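Below is a structure I'd like to ask you about.
The values are calculated or read from the model by the stated rules, or taken from the named source; none is laboratory data. As the structure is a prediction and not an experimental result, all values here were calculated from the model. Neighbour counts are summed over all protein chains in view; Cβ atoms, including those assigned to glycine, are modelled from backbone coordinates with ideal geometry.
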């Protein structure tokens with residue numbers, strides 16, 4: 001009996017050691033969440049992998065990263081990341097010799113590039129819930145998406161420099177009015193064209209659809225100097241711009 | 001005299017307030033460095049901009065980011081970033097149908113991809129000092145660069161899956177022996193070819209040189225399934241792989 005009792009005491013102290021003292025035991029992380037703990041470290045790595053197009057085609061954000069993505073999107077780092085990219089875009093734009101014939105084009109995507117749909121995705125798990133076309137269309141019809149300050153700054157500076165602004169979006173032709181109203185309310189004006197998906201563009205990948213639209217612009221004599229988008233499919237494919245600028249979007253992937 | 005004394009006391013307390021109490025005064029930051037302060041926020045944004053190829057051609061890392069880049073490279077986040085990318089590369093590799101004729105190729109760059117030159121760059125400001133060809137050649141001749149654990153894991157897994165491994169590097173032909181010795185000492189073996197810059201490749205951009213080499217492989221009947229590199233010039237251009245994987249390198253940019 002005595003040895004059984006001393007064994008119990010030994011086990012008690014063993015478990016005290018294992019769960020409370022040994023920092024490598026994961027149960028501790030549920031009590032104290034340090035910055036840079038495994039979860040946030042993984043999610044930061046995942047975001048970098050997504051932004052550098054290393055993830056390939058992906059559907060939903062990892063479920064363990066919802067808090068991390070929300071924190072990023074609602075914090076200052078996201079705005080800083082945006083702003084630094086805009087500074088590089090602007091530095092490049094200033095190096096372009098504008099011909100003055102109105103043919104020097106800068107292309108902008110709209111969603112998550114000129115306008116932020118953060119208020120919509122806040123209510124839909126920041127990209128952790130499957131995309132709902134009907135619900136997103138309702139949101140687009142509301143036309144209340146705000147501008148990114150940094151994008152508005154770039155947009156207005158490019159106009160001043162003499163660039164022709166062309167908007168190329170995956171939104172549908174029937175969303176033209178609500179899109180135009182939203183853009184104007186958010187502070188954008190003076191674009192040359194707003195290109196939306198027509199009946200013949202349905203079912204095409206964004207990469208193909210956008211490359212085709214850029215090809216047509218080049219055939220018309222436009223020179224595509226710059227291109228800003230939150231998706232690699234805004235920027236890659238054929239008929240690409242002289243310089244492309246990828247702004248961050250850790251919420252969804254469009255092929 | 002009395003008013004001068006009270007003025008002195010007033011000034012004393014004013015400076016106490018200004019330098020010790022008011023948190024917006026920059027002198028405080030030399031005492032307490034908070035995570036997410038302006039400097040590290042900018043440097044995190046700069047790293048993301050560089051990794052997403054938004055910076056374009058760049059020469060040296062921003063001087064204010066030396067500490068931040070050093071901290072990143074010597075910390076666990078860099079290893080985590082590497083490891084997550086390798087996991088995606090491996091998931092893709094497992095989805096490839098290997099033909100069994102030895103023609104399914106995975107291309108690896110060497111510097112900052114298979115081998116890390118961190119010990120060299122530690123002594124050269126982590127990319128904040130101009131590149132010195134002679135000094136770097138001396139380092140290459142030493143042949144002591146360690147492997148990235150994650151890359152060794154990917155490399156060995158790809159061999160097991162039946163991929164043919166081809167190494168394509170910007171190193172020169174005369175560095176073949178030291179490169180082979182270094183790779184073997186670091187744990188790599190069983191590559192099909194080690195392609196180095198020959199006399200005809202001097203002066204070519206990395207993008208062109210590597211694209212040409214990939215083209216020749218395709219002409220020989222190889223199918224380039226995957227490609228791992230730390231530079232966009234390892235991965236882009238023509239004759240690109242089915243999937244390309246960009247591992248992080250915030251120290252230098254090769255066009």
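Between B:81, B:149, B:133, B:109, which is under 14 Å from the mean Cα position of the chain (by Cα) and away from chain A (no Cβ under 14 Å)?
None of the other options fit; the residue is B:109.
Also, I was wondering about something else. Look through the range B:45-70, keep the residues that are within 11 Å of chain A (Cβ to nearest Cβ) and out of contact with any helix residue (DSSP H, G or I) (no Cβ under 8 Å at 6 or more places or on another chain), and return whichever of them is surrounded by the fewest Cβ atoms within 10 Å (Cβ to Cβ). Walk me through how you get there before you give the answer.
As a first pass, look at the range B:45-70 and keep what is within 11 Å of chain A (Cβ to nearest Cβ): B:45-58, B:62.
Now drop any that are not out of contact with any helix residue (DSSP H, G or I) (no Cβ under 8 Å at 6 or more places or on another chain), which leaves B:50, B:57.
Values: B:50: 25, B:57: 7.
So the residue we want is B:57.
Based on what the data block shows, is residue A:73 at pLDDT 50 or above, more than 17 Å from residue A:126 (Cβ to Cβ) and either within 9 Å of chain B (Cβ to nearest Cβ) or in a helix (DSSP H, G or I) (or both)? Show your work before the answer.
On the way: at pLDDT 50 or above: yes; more than 17 Å from residue A:126 (Cβ to Cβ): no; either within 9 Å of chain B (Cβ to nearest Cβ) or in a helix (DSSP H, G or I) (or both): yes.
The answer is no for residue A:73.
Given the options A:67, A:87, A:81, name the one that is more than 30 Å from residue A:173 (Cα to Cα), assigned to a helix (DSSP H, G or I) and in contact (Cβ under 8 Å) with a residue 60 or more places away in the chain.
Details: A:67 fails: in contact (Cβ under 8 Å) with a residue 60 or more places away in the chain; A:87 fails: in contact (Cβ under 8 Å) with a residue 60 or more places away in the chain.
Result of the check over A:67, A:87, A:81: A:81.
Shifting gears a bit: Output the number of residues of the range B:215-255 satisfying the condition of being more than 14 Å from chain A (Cβ to nearest Cβ) and touching a strand residue (DSSP E or B) at 6+ places or on another chain (Cβ under 6 Å).
Looking only at that region, the number is 3.
Check the range A:199-212 and report whether any residue there is assigned to a helix (DSSP H, G or I) and under 30 Å from residue A:67 (Cβ atoms).
Yes - at least one qualifying residue is present in the range A:199-212.
Among the residues of the range B:191-211, count how many are in contact (Cβ under 8 Å) with a residue 12 or more places away in the chain and buried (at least 16 other Cβ atoms within 10 Å of the Cβ).
So in the range B:191-211, the residues in contact (Cβ under 8 Å) with a residue 12 or more places away in the chain come out as B:191-199, B:205-211.
Now narrow it down to the ones that are buried (at least 16 other Cβ atoms within 10 Å of the Cβ): B:191, B:194-197, B:206-207, B:209-211.
Result for the range B:191-211: 10.
Inside the range A:156-187, can you point out the residues that are within 29 Å of residue A:199 (Cβ to Cβ), in contact with a strand residue (DSSP E or B) (Cβ under 8 Å, 6 or more places away or on another chain) and either in a helix (DSSP H, G or I) or modelled with pLDDT under 95 (or both)?
Scanning the range A:156-187 gives A:173, A:175, A:176, A:179, A:180, A:182, A:183, A:186.
Looking at the range A:99-136, which of its residues are exposed (fewer than 15 other Cβ atoms within 10 Å of the Cβ) and on the phi < 0 side of the Ramachandran plot?
Residues of the range A:99-136 that are exposed (fewer than 15 other Cβ atoms within 10 Å of the Cβ), as a first pass: A:99-102, A:119, A:122-123, A:129-135.
Within the range A:99-136, A:99, A:101, A:119, A:122, A:123, A:129, A:130, A:131, A:132, A:133, A:134, A:135 qualify.
Say we look at the range B:219-255 and pick out the residues that are in contact with a helix residue (DSSP H, G or I) (Cβ under 7 Å, 6 or more places away or on another chain) and either in a helix (DSSP H, G or I) or without any contact (Cβ under 8 Å) to a residue 12 or more places away in the chain (or both); which of these is surrounded by the most Cβ atoms within 10 Å (Cβ to Cβ)?
B:234
Let me ask something else. Quick one: is residue B:123 in contact with a strand residue (DSSP E or B) (Cβ under 8 Å, 6 or more places away or on another chain) and modelled with pLDDT of 95 or more?
Answer is no for this residue.
Which residues, taken from the range B:165-188, are free of Cβ contacts under 8 Å to residues at least 24 places away in the same chain and within 22 Å of the chain's Cα centre (by Cα)?
Correct list: B:176, B:180, B:184.
Which is in contact with a strand residue (DSSP E or B) (Cβ under 7 Å, 6 or more places away or on another chain) and in a loop (DSSP other than H, G, I, E, B), of B:61, B:98?
B:98
Same structure, new question: For the range B:137-164: of the residues being free of Cβ contacts under 8 Å to residues at least 24 places away in the same chain and under 27 Å from residue B:244 (Cα atoms), which is surrounded by the most Cβ atoms within 10 Å (Cβ to Cβ)?
Taking the range B:137-164 as the starting set, the residues that turn out to be free of Cβ contacts under 8 Å to residues at least 24 places away in the same chain are B:138-139, B:156, B:160.
If we keep only those that are under 27 Å from residue B:244 (Cα atoms) too, we end up with B:156, B:160.
Details: B:156: 15, B:160: 8.
Looking at the filtered set, the residue picked out is B:156.
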